[in-house]
Amino acid sequence: MQGLSTIPKIDKQTSTIVQSKLKNLPTTYAFLSEIDPLYMKNITPNDKYRIEKALLIYEASKIPPTEWFKLNPPQPIIENLDIFNIEVDRKTIRERISKRTLKMLEMGLIDEIAYLEQKYTRTPNSMGAIGIVEVLEYFDGKVSKEEMIENISIHTAQLAKRQQTFNRTQFENIINAPLEKLEAIILSQVAHKH
């Protein structure tokens with residue numbers, strides 16, 4: 001809806017330079033923080049993906065990312081889009097999450113995470129996902145199996161709450177309603193437009 005800014009054309013030489021500089025992430029991070037403190041303040045020193053993107057923009061355009069985005073503002077792709085948010089009461093969400101957590105366990109969650117840890121270690125970002133962190137705490141003997149199950153449900157419910165808040169507040173002119181009322185609202189919107 002807001003669109004994305006274009007990024008400069010990246011040729012092979014620029015890509016090679018960037019890959020070489022990324023081998024020393026702390027130095028690259030410090031360099032980018034010096035030339036563009038505003039852009040880098042929301043990027044952590046180990047966020048390789050975003051550091052790489054910032055460096056690509058700089059190396060290809062020779063201007064800091066903040067400057068690049070000012071000169072190349074995002075252009076909306078879709079305008080006047082109706083947005084509807086399905087409201088679900090918290091009790092229903094909590095019940096669904098509890099069922100889903102038990103289903104994940106039945107389907108072999110613990111064995112799967114043991115396999116992932118063995119294959120990839122705990123280093124990848126994805127090993128910090130809800131469901132994985134709690135099982136790793138169980139492996140470390142920090143919690144019992146029952147506490148692990150409870151923690152997965154609690155943390156999933158907290159995420160669901162944040163997602164609902166985001167959905168309600170992120171967009172202007174959003175229509176929030178329970179699923180059973182949305183059909184009538186959508187039909188009346190369509191009729192009103194035509």
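The values are calculated or read from the model by the stated rules, or taken from the named source; none is laboratory data. Keep in mind it's a predicted model, so treat the numbers as computed, not measured. Reconstructed Cβ throughout: ideal geometry from the backbone, glycine too, with neighbour counts over all protein chains shown.
For this structure, a couple of remarks:
- Residues in the stretch 165-194 that are closer than 17 Å to Arg90 by Cα, surrounded by 10 or more Cβ atoms within 10 Å (Cβ to Cβ) and either in contact (Cβ under 8 Å) with a residue 60 or more places away in the chain or charged (D, E, K, R) (or both): Asn167, Arg168, Asn176, Ala177, Pro178, Leu179.
- Matching residues in the stretch 114-132 - criterion: being touching a residue at least 12 places away in the same chain (Cβ under 8 Å) and within 24 Å of the chain's Cα centre (by Cα): Leu116, Glu117, Arg122, Ile130, Gly131, Ile132
- Of the residues making up the stretch 46-61, those that are in contact with an Asp or Glu (Cβ under 9 Å, 6 or more places away or on another chain) and more than 14 Å from Thr16 (Cα to Cα) are Ala54, Ser61.
- Among residues of the stretch 101-113 that are on the phi < 0 side of the Ramachandran plot and aromatic (Phe, Trp, Tyr), none has a beta-carbon under 9 Å from a residue that is exposed (fewer than 11 other Cβ atoms within 10 Å of the Cβ) and not in a helix (DSSP H, G or I) at least six positions away or on a different chain.
- All positions within the stretch 123-145 that are among the hydroxyl-bearing types (Ser, Thr, Tyr) and assigned to a helix (DSSP H, G or I): Ser126, Tyr138
- The residues of the stretch 60-83 include none that are crowded, with 18+ Cβ neighbours inside 10 Å and of a type in the set (Asp, Glu).
- Matching helices (runs of 4 or more DSSP H) fully within the stretch 1-84 where at least 2 residues are within 30 Å of Glu172 (Cα to Cα): 37-40, 48-61, 65-71
- Meets criteria (surrounded by 11 or more Cβ atoms within 10 Å (Cβ to Cβ), at pLDDT below 95 and assigned by TED's automatic domain parsing to the domain that holds Gln170) for Arg90: yes
- Cross-chain or 6+ apart pairs with Cβ under 7 Å, the stretch 66-80 first and hydrophobic (A, V, I, L, M, F, W, C), then assigned to a helix (DSSP H, G or I): Trp68/Ile57; Trp68/Ser61
- Within the stretch 95-126, the set of residues being within 21 Å of Arg162 (Cα to Cα) and either at pLDDT 95 or above or not assigned by TED's automatic domain parsing to the domain that holds Gln163 (or both) comprises Glu95, Arg96, Ile97, Ser98, Lys99, Arg100, Thr101.
- Checking each residue in the stretch 105-127 for being touching a helix residue (DSSP H, G or I) at 6+ places or on another chain (Cβ under 8 Å) and of a type in the set (A, V, I, L, M, F, W, C) picks out Leu105, Leu109, Ile110, Ile113, Ala114, Leu116, Met127.
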